[in-house]
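Shown next, in structure tokens, is the structure this report addresses.
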């Protein structure tokens, strides 16, 4: 008996549960992506889905979960005449993050090749998940090419394997469920579009709801069987509802008026991909079927749009995901009432931009430089057209040559992706090489003396995760001097241009700010540029300049960081340190140079952006850059693409 947490017992999360049930009704929707914080029932709901989906009939002992009378061509059990039919819960297969392509797709059965000299197929996880659920936790951390393969299979329902002398095609109708935490970074837009539905989840803020969540969880952990029996009636009702919807789905009608509404909504919300129209069509029909109706209504289209469109809207890197629900409701209401209203000129389905006088981040009319003890928050300056800048950047130890992206030293580290034949491999795939030699020998009748004979044709090269992400640590001066001539606006604009570049390259980011008496880590290393951008916009300015503490924090952060992410330190400051480290008798500037020398000795690539302006310049930022062995740009130079190009040069990108 399945003693997993009952699907019906999940408190709230109505949209999440609806999305999962719709994918159970029609797996052709293309799966669901669940985004949200930790501890918000993402995996609990995904695992609980199998309890409310009708059981399937399958052939006993079949590795492909073949339905009776529908054997896969590669299934030896079914093709051998096995006809014992059993009823079982739909499969739920979890994909490990470190899974290789062979493990997912399937590969040569090594045991049969060695023992029986037969070239046979060993099914992978896709075969195991056929007619069930394939679950990927932290899907945003999975290699892009594997996500692409999985989404292809989920859309087509077929897995084709062409490798090691095998050519196998087998059905793989799966419901793909992926979960992710945005703090770990987002998926590329191309991959987001491939997920049929997307749901954002968050922890409830109502104290009574939270208390009920805890109450049920404690009850479940105290006695799983007893807790499950309390929800048995609701579970059976959901299972019957899904079964009825599956039977009704083929008869559900979506007329031309509803199809035009679908296309109208996609245009209104600036969704480029036609996949959105197709998925919304399928989702709306599944909604009607789940509610026991034979015809799609405008309300069904509106409900489908909330699941299909938010992650497909065309948006810039730092635009918030989601959509204007009031606008959506208006459009659905127009369709419901049969009115044909013309959209007002200038309305594009998006929330209006803040006006200059609404107090949203504008500084018009204020003084340029507040006192040292006063705190202000500056807006982000728009990037100007960048001048062409050529910067000679010394190559740091272990850094990739200029013109290449950091590849984790010749791609020798990182997740193994696949092994490919190569007679002159620069990194030998030992397992694949030995397997090839063993299989070749067995098939040829060699190796009776127990020796393994290698030939150049057996050699394989290990391919690993392609381009490696870098870790960019921003050390931002937020002291009072940054308010002079509104320097902080330019600094925020410069960092924003780097965040945009990092968004496109999936780099990790960290932010350290220093002001007053100390520095602090505003953002630990993350791939979420949205979090970095939010922290940057909210960063206040004012107080003294504790630069030594900032460099000390940067060194500590880099020591904690993973070695798989080559670092770059980007310091934005005028270098006028005037607050030293507690207990250090040296004056603050000497402490700053010592900390910089320490970073230089450990081979940390760096870039200094001098924020000093005016005729009287102390040149401290340039001295800091010299101590770091790093290039230095002035405030006038680090605008737009010029800064991003300089950073890429430092990273060997």
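The values are calculated or read from the model by the stated rules, or taken from the named source; none is laboratory data. Computed from a predicted model, the values in this text were never measured in an experiment. For neighbour counting, all protein chains shown are included, and Cβ atoms are generated from backbone atoms with ideal geometry for every residue, glycine included.
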Answer with yes or no whether residue 38 is closer than 29 Å to residue 305 by Cα, at pLDDT 80 or above, assigned to a helix (DSSP H, G or I) and out of contact with any strand residue (DSSP E or B) (no Cβ under 9 Å at 6 or more places or on another chain).
no
Tell me, please, whether a residue that is in the same structural domain as residue 47 (by the TED database), surrounded by fewer than 20 Cβ atoms within 10 Å (Cβ to Cβ), out of contact with any helix residue (DSSP H, G or I) (no Cβ under 6 Å at 6 or more places or on another chain) and free of Cβ contacts under 8 Å to residues at least 60 places away in the same chain can be found in the stretch 167-174.
yes
Has the stretch 58-66 got any residue that is at pLDDT below 90 and over 20 Å from residue 127 (Cβ atoms)?
no
Taking the options 74, 14, name whichever one is at pLDDT below 80 and out of contact with any helix residue (DSSP H, G or I) (no Cβ under 7 Å at 6 or more places or on another chain).
74
Restrict the check to the stretch 164-176 and report whether at least one residue is assigned to a strand (DSSP E or B) and out of contact with any strand residue (DSSP E or B) (no Cβ under 7 Å at 6 or more places or on another chain).
yes
